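What follows is a single structure, written as structure tokens, with notes after it.
The values are calculated or read from the model by the stated rules, or taken from the named source; none is laboratory data. Predicted model only: the values in this text are computed from it and were never measured. Methodologically, a virtual Cβ is constructed for each residue, glycine included, from the backbone with ideal geometry; neighbour enumeration extends over all protein chains shown.
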Amino acid sequence: MSSAALTEAVYYILLSLIEPMHGYGIMQNVEQLSNGRVKLAAGTLYGAINTLLEKGWITALSGEKDSRKKEYQITEEGKRILQTELLRLRELIENGNRILEVK
Amino acid sequence: MRQTIRKLFWVWDFDKEEKWLNEMAAKGLSLVAVGFCKYEFEDCKPGEYRICLQLLDKMPGHPESRKYIEFLETTGAEHVGSFTRWVYFRKKASEGEFELFSDNASRIKYLGSVISLIAFVTIMNLFVGLYNLFLAVTYSSSVNYLGFLNLALGIFGALGVLRLFKKRKRMKEEGQLFE
């Protein structure tokens, strides 16, 4: 599965969490990064955060007892996943550019 | 002004229910409380709120559900009420779009958990219904009419589950093309 594509939501969540952020911050950051194109819904984000925590790609920062203000951050494993995904995306773009001859 | 409307939606018709609640909000009646086939509304500006509902895996009072509801509240959603495992939220339309799921993968996953919960209740009803039918046939003196109700609910539920399965199949087909 290491070469499988990440969902857009997971890709942007991981990218956001290079900086520590709480849930709502991630939603706002992703919308901003994508110029308003990707609007993460709260249920989708919540599910993704829990899966990413289980996989160890992100970690919850301790300190905040209040779960509403809980911040998350990407792990080394998460960064490695992002790098691999970036290579895959680059391949897609390069092939697309070459075959469609986009200048 | 507060007003109560009684209305029945079959449990698998949650999309219709959500659509109706949003039509009410568009007309200036925002949902403020829910009960069994019962919806309470208060006046709002037409289109002021968007409504979403969701079936949770655990009862709303369970710590896991509470964490989820709290999380949604940090994103500007307001928890207006719960009935059994169904929770109802509203959010000001001025704060942007309001949906609980934004990609196919999470929608399909959610639909899967709805299907398994409804299927469980349906199978229980069918089982109790058939057992009663068996008793009625074997010992014709002890006819339990409640058993027929179970059977009817079971058959109805099975049809509902079938519709949800078809819906999920369509979503999965779409998911092969788009995220």
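Conditions tested, residue by residue: (1) in contact with a Cys (Cβ under 8 Å, 6 or more places away or on another chain); (2) in a loop (DSSP other than H, G, I, E, B).
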| position | (1), (2) |
| --- | --- |
| B:Tyr88 | yes, no |
| B:Ser102 | no, yes |
| B:Thr122 | no, no |
| B:Ala136 | no, no |
| B:Gly154 | no, no |
| B:Ala158 | no, no |
Quiz item: Right, B:Phe71: part of a loop (DSSP other than H, G, I, E, B) and over 16 Å from B:Trp20 (Cα atoms) or not?
Solution: no
Self-check item: Qualifying residues in segment B:36-49 (those that are surrounded by 12 or more Cβ atoms within 10 Å (Cβ to Cβ) and under 17 Å from the mean Cα position of the chain (by Cα)) - the one farthest from B:Lys167 (Cα to Cα)
Solution: B:Glu40
Quiz item: For segment B:105-116, what are the residues that are within 11 Å of chain A (Cβ to nearest Cβ) and either touching a residue at least 12 places away in the same chain (Cβ under 8 Å) or more than 13 Å from A:Gly43 (Cα to Cα) (or both)?
Solution: B:Ala105, B:Arg107, B:Tyr110, B:Ser113
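Here is a yes/no grid of residues against (1) touching an Asp or Glu at 6+ places or on another chain (Cβ under 8 Å); (2) part of a helix (DSSP H, G or I); (3) exposed (fewer than 13 other Cβ atoms within 10 Å of the Cβ); (4) not polar (S, T, N, Q):
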| site | (1), (2), (3), (4) |
| --- | --- |
| A:Val10 | no, yes, no, yes |
| A:Ile13 | no, yes, no, yes |
| A:Gln32 | no, yes, yes, no |
| A:Gly36 | no, no, yes, yes |
| A:Glu54 | no, yes, yes, yes |
| A:Gln73 | yes, no, no, no |
| A:Gly78 | no, yes, no, yes |
| A:Leu92 | no, yes, yes, yes |
| A:Asn97 | no, yes, yes, no |
Quiz item: Within the set of pairs 6+ apart or on separate chains, which have a first residue in segment B:64-80 that is more than 13 Å from B:Phe98 (Cα to Cα), a second that is surrounded by 20 or more Cβ atoms within 10 Å (Cβ to Cβ) and among the charged types (D, E, K, R), and C-beta atoms under 7 Å apart?
Solution: B:Val80/B:Arg90
Practice problem: Would you confirm whether any residue within segment B:117-134 is within 14 Å of chain A (Cβ to nearest Cβ) and crowded, with 18+ Cβ neighbours inside 10 Å? | Solution: no
Exercise. Would you check if there is a residue in segment B:27-41 being β-branched (Val, Ile, Thr), modelled with pLDDT of 95 or more and under 17 Å from B:Ala77 (Cβ atoms)?
Key: yes
Quiz item: Going through segment A:1-36 one residue at a time, which ones are aromatic (Phe, Trp, Tyr) and touching a residue at least 12 places away in the same chain (Cβ under 8 Å)?
Solution: A:Tyr11, A:Tyr12
Quiz item: Which residues, counting only those in segment B:58-90, are of a type in the set (Lys, Arg) and within 8 Å of chain A (Cβ to nearest Cβ)?
Solution: B:Lys67
Quiz item: Of the residues that sit in segment B:69-89 and are of a type outside the set (A, V, I, L, M, F, W, C) and out of contact with any helix residue (DSSP H, G or I) (no Cβ under 6 Å at 6 or more places or on another chain), which one is surrounded by the most Cβ atoms within 10 Å (Cβ to Cβ)?
Solution: B:Tyr88
Exercise. Give me a count of the residues in segment B:120-179 that are in contact (Cβ under 8 Å) with a residue 40 or more places away in the chain and more than 19 Å from B:Phe9 (Cα to Cα).
Key: 7
